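Encoded as structure tokens, the structure appears first; notes follow it.
Every read-out reported here was derived from the displayed coordinates using simple, explicitly stated rules and does not represent laboratory data. Source: prediction; values computed, not measured. Note that each Cβ is placed from the backbone with ideal geometry, even for glycine, and that neighbours are counted across all protein chains shown.
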Amino acid sequence: MKLDGFELRRVSLPLVAPFRTSFGVETVRDALLVRAVTPDGEGWGECVATVEPLYSSEYVAGAGAVIKDFLAPPLLAARDIDPQQVGPALAHIKGHRMAKAALEMAVLDAWLRQRGESFGAYLGAVRDRVPAGVSVGIMDTIPELLDAVEAYLEQGYVRIKLKIEPGWDVEPVRAVRERFGDELLLQVDANAAYTLADSATLSRLDPFGLLLIEQPLDDEDLRQHAELARVIRTPICLDESIVSAKTAADAIAMGAARVINIKPGRVGGYIEARRIHDVCQAHGVAVWCGGMLETGLGRAANVALAALPGFNLPGDTSASDRYFSTDITEPFVLDQGHVAVPTGAGLGVNPIPEILRELTTTVEWIDADASR
Ligand code: OSB
Ligand code: MG
């Protein structure tokens with residue numbers, strides 16, 4: 001496939017409610033979109049980097065810069081590129097996986113649209129809809145949290161994930177269990193807020209029958225996660241620590257993860273995400289699809305990935321209205337706790353031009369001719 005250039009577009013979508021995690025509060029989703037332009041059509045990518053480097057070292061302005069200066073040029077210089085070649089063509093640039101993932105997604109979408117094939121079909125989806133969980137932020141009070149959880153359960157979400165941090169862990173979990181019962185699929189996400197010295201506190205979550213605890217310790221604490229796994233009963237799931245199929249294989253071998261949250265942006269794209277799925281499936285390790293408050297574009301691809309056979313836990317693949325009052329694509333909706341996998345070519349969804357224009361803050365064009 002020949003590329004004419006990439007358009008980098010920043011969009012700003014207000015969130016329906018502030019989303020608080022152990023690393024900060026978000027009130028808007030300020031995302032970077034990549035449009036791959038070819039002589040035969042276009043494709044869309046979404047970069048999951050956040051405004052500040054608090055979840056990982058990447059941040060949205062940095063992702064834009066590394067795309068312009070280092071990642072787009074080698075792709076545009078190639079006269080002919082297919083999606084499988086994007087990763088290898090960028091492998092000499094260290095890190096910057098979220099930026100690389102956005103480019104690969106845009107190229108893959110353009111390529112699939114031209115072949116008339118969907119993301120789901122390309123990745124190996126075996127379901128036409130996926131169960132949806134919801135990630136519930138840290139609240140000021142327990143009653144507020146219980147109201148939020150109740151509203152999500154009324155909408156049909158099949159699994160609740162509570163964000164936790166030191167001081168907001170055992171009590172919110174106890175309150176949700178007492179109010180909604182032992183049958184509720186419940187898990188927690190610490191976003192790396194604890195250390196191994198907090199083992200005693202974390203073991204106080206054991207009696208609540210959680211599905212998993214996500215990323216209790218620092219990103220780089222693989223060995224410490226393996227040690228923690230020996231003293232707590234709640235299965236440990238890794239998010240931030242898993243940046244590639246190699247780290248997934250290491251984490252499994254060390255006993256650091258019984259479950260893995262797969263986020264394509266964090267691992268460099270959908271093709272590496274599928275490799276992690278394959279590694280986990282071969283080892284009998286449970287996986288689910290994480291989220292980064294994506295717009296309808298990233299959500300379409302995540303939902304397609306979540307339809308692969310090894311995804312055996314509900315993902316953070318919530319409906320559009322959990323995040324935004326207006327999404328940039330046709331909204332994803334919840335139907336009996338599930339979200340439908342798009343079937344159209346490529347992502348199977350398109351930005352709505354007027355809404356996209358309204359929510360765009362900046363646009364830049366990177367022309368292929370400048371790299372040849
Ligand atoms: O750790 O899973 C996380 C959102 C932003 C950054 C990190 C995380 C999250 C979420 C929300 O938990 C997942 C979603 O619904 O998109
Ligand atoms: Mg997480």
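Over region 51-149, what relative contact order in percent results from Cα pairs under 8 Å that are six or more residues apart? The value is 20 percent. DSSP beta bridges fully contained in region 230-372 are about 10 percent antiparallel. For region 1-146, the spread of Cα positions along the three principal axes, ordered from largest to smallest, is 58, 38, 24 Å. Spin-label pair D147-A61: with each label point 7 Å from Cα along the Cα-Cβ axis, the two points sit 3.6 nm from one another.
Quarter the surface of the alpha carbon convex hull of the chain and you get the mean projected area, 16.6 square nanometres. Counting only Cα atoms, region 189-236 measures 27, 18, 15 Å along its principal axes, largest extent leading.
On average, how much area does the Cα convex hull of region 153-212 cover when viewed from any direction, in nm²? One quarter of the hull surface, i.e. the mean projection, equals 4.2 nm². DSSP beta bridges confined to the chain are antiparallel in about 60 percent of cases. The mean sequence distance of close C-alpha pairs (under 8 Å, at least 6 residues apart), as a share of the length of region 4-96, puts its relative contact order at 21 percent.
Peptide packing for 97-108, 75-86 was compared via the average number of neighbouring C-beta atoms within 10 Å per residue; ordered from the highest value, the list is 97-108, 75-86.
Among the listed pairs K68/K246; K161/K263; K94/K163; K68/K161; K100/K246; K94/K161, those with a Cα-Cα distance over 26 Å are K68/K246; K94/K163; K68/K161; K94/K161. Mean residue ellipticity at 222 nm, helices only, the chain: -10000 deg cm²/dmol; runs of at least 4 DSSP H residues each add -39,500 (n - 2.57), and the sum is divided by the number of residues.
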